[in-house]
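Below is one structure; the comments refer to it alone.
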Amino acid sequence: VKADALAFMSSRKQQVTLGGTMNRKSIVRKLVSPVSSPAAGPVLPQASPSRPVSSPGAKPPLQPASPMKSSDLLPMGGRETKLQGSSRLRVGKIAQLTPLQSFYEVLPRERPALFKEKARQCCVLFDFSDPVSDLKSKDIKRVALGDMRQYIMAEGLPEEIYPDIVQIFATNVFRALGPVDDGNVVAFDPDEDDASLEVAWPHLQPIYELFLTFLESKDFQPSIAKRHIDSRFVDNVLEVFDSEDPRERELIKTTLHRMYGKLLTLRGHMRRAINNIMLRFIYETERHNGLSELLEILGSIINGFAVPLKPEHSQFLVQVLMPLHKSKGLGVYFAQLSYCVLQFLEKERRFVEVVLRALFKIWPRSNSPKEVLLLNELEEVLQLIDGPTFDRVQHVLFRQMAYCLGSPHFQVAERALLFFNNEHFVHLVASAASVAVPLIFPALYKHSKHHWNATIHNLIVQSLKIISDMAPSMYDDCSVKFKAEAQRDRRKESGREERWALIEARAMLNPLADEIDIAHPHSPAALPEMRGPMLQARAPEDSMLCDSMAIRRKSALPADEATQRALRDFHLAAHGVSPY
């Protein structure tokens, strides 16, 4: 081979000297070609790979390189993107599996060895993107997984099979998940969007069932399992929660829940790891497929917290759970998040004020679906409020309620009006009528006269009736005050319109008024003076021009020579040039 390379380089040197050219592809093919050059002599026969011929201490002979194909060459341009059919990348050729005996066909003393043989077969990965490849081996692996599960249920858990089961789960489940197709953060809607299913699910499901049987077995010993299940194993389990397959997320949720119940030494690490995932979601990615499942696990974990709560638990509520309300995809995991928050409040009522102020701080202004969700949570939180806490938050509470009652979006207004069907909320309003009624009465009375939605109108009438029955004197005082303020606003608006009309009338008396087209603002119906004789005396074309102009243009202003001279001198002085 060395002689072939030397001969080729000498011939290449001669071609370059004579001006000959060769492209890169022909050079590569020439180098890897097994054809010998005349200068190197005849090619010696090579040893067969199956039976190599070698002497002691000698290096193995070099194998001839196979001719390269055009597809083996690296492209000179950009790399082509290949879409994988599953989350696995198949490397190399997979050996065919041979069926093994069942556990009931061998002696009891031979079953542990047979279990290890089946476990070795179950660690072989297959390519499910091709539905017709390795069908026999895939079926052998599926049967082996079922036999191992039956063996655990019948025989128990010998100590020697712990590492095999953990290895099977780690090899098949832990993998790099596929990237997101679109970088935009779009909330997944289970009712409208189709879930992306894992093509290797025929093998993943029995593996999850095998591992759950292992964790739920009555013979499971945490002292032995913690030798093989460590913090890194837990981190890998949590990474699988980002899978796009809802079936896998449901099983991995059950798996993590069983691990939390069995492995007491890893509980703190599990909570911290979940905390880190949610912080990454809040402040970095804002995308995670399994956030609702993680929150569901946290709900059961929080339910088991001892009272009084530890500082790390209260910190988790303030710094993780409450900021999760700010996400665009709140509707996907809102039910689980609200349950976690309510579990904290049921443990200790002192967090009610913290939760309420956090909700009011992040309350949206232009996202009506999120407003409806937060109103649902607000009603649940108010059920747990006590007297001292209510006294501290009643002003901000009823101010926010007044904003929602007067919302232009009918769904937000309807959800806020339904609070009056809650006896506890009505009791809160009655206990703080001097604060609540003056804040919420204007929003109700304003829409009681005219509202385009009949349902909202009926609910407003019912709410006003409840307030009038609750505090009749307060209701009358607020009604009189509202009418007086409305009349004062009308007088103020009328005075403003009169002053503008007077200014325009004086402008029309200016001698330059005939030379300049003064633009008139388009007023809806409140300036009758602008449609009086002064405008009717103008020419029809001037009236059309005035109606079409809503803003006075710079080109219509008179040219003042003194002003232009002053501006010119200013610009010259700004550039360091004396105007004189």
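The values are calculated or read from the model by the stated rules, or taken from the named source; none is laboratory data. Keep in mind the model is a prediction, meaning the values are calculated, not measured. Neighbour counts are summed over all protein chains in view; Cβ atoms, including those assigned to glycine, are modelled from backbone coordinates with ideal geometry. What goes into the accessible areas is simple: the full protein's heavy atoms, side chains included, and nothing from ligands, DNA or RNA. Shrake-Rupley method; radii C 1.70, N 1.55, O 1.52, S 1.80 Å.
Below are the figures for this structure:
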item	result
Radius, Kirkwood style, for segment 275-324 when every pair of distinct Cα atoms is counted (Å)	11.6
Stretchable slack from Ala306 to His257, in nm (0.36 nm times residue separation minus alpha-carbon distance)	15.8 nm
Residue-wise HN-Hα coupling along segment 450-462, computed from phi with Karplus coefficients 6.51, -1.76, 1.60 (Hz; x: Gly, Pro)	8, 8, 6, 9, 5, 5, 5, 4, 5, 5, 5, 4, 5
Base-10 log of normalised Debye intensity for segment 279-383 (one unit scatterer per alpha-carbon) at q = 0.11, 0.13, 0.21, 0.24 Å⁻¹	-0.31, -0.44, -1.21, -1.57
Pairwise centroid distance, computed over Cα atoms, of segment 434-507 with segment 132-175, Å	73
Where trypsin sites (Lys or Arg not before Pro) fall in DSSP loop in segment 277-351, at most 15 other Cβ within 10 Å	Lys328
Per residue solvent-accessible surface (Å²) - segment 312-367, probe of 1.4 Å	44
Dipole in debye (nearest 20) - segment 269-370, about Cα centre, beta carbon charges: Lys, Arg +1; Asp, Glu -1	300
Convex hull projection area averaged over all views, segment 242-306, Cα basis, nm²	4.5
At q = 0.09, 0.14, 0.17 Å⁻¹, base-10 log of I(q)/I(0) for segment 348-482 (Debye sum, equal scatterers on each alpha carbon)	-0.24, -0.61, -0.90
Calculated SAXS-style log₁₀ I(q)/I(0) at q = 0.18, 0.32 Å⁻¹ - segment 421-467, Debye, Cα scatterers	-0.56, -1.18
Of all accessible heavy-atom area on segment 307-429, the percent that carbon and sulfur account for (1.4 Å)	53
Calculated FRET value between Leu384 and Ile466, using beta carbons and R₀ = 30 Å, to 0.05	0.85
Peptides ranked, highest mean first, by Cβ atoms within 10 Å: ranges 308-319, 96-107	308-319, 96-107
Simple spin-label estimate for Gln315 and Ser366 in nanometres, 7 Å along Cα-Cβ	3.7
Cleavage-rule hits (trypsin sites (Lys or Arg not before Pro)) in segment 424-486: DSSP loop, at most 12 neighbouring Cβ within 10 angstrom	Lys449
10 Å binning of all Cα-Cα separations within segment 351-400, expressed as whole percents from 0 upward	23, 61, 15, 1
Reference-scaled alpha-carbon Rg (2.2 N^0.38 Å with N residues) for segment 224-271	1.13
Nearest-20 debye value, segment 396-480 charge dipole, Cβ charges on Lys, Arg, Asp, Glu	240
Positive dipole terminus of segment 230-277, leading residue within Asn275, Gly261, Ser231 (C-beta point charges)	Gly261
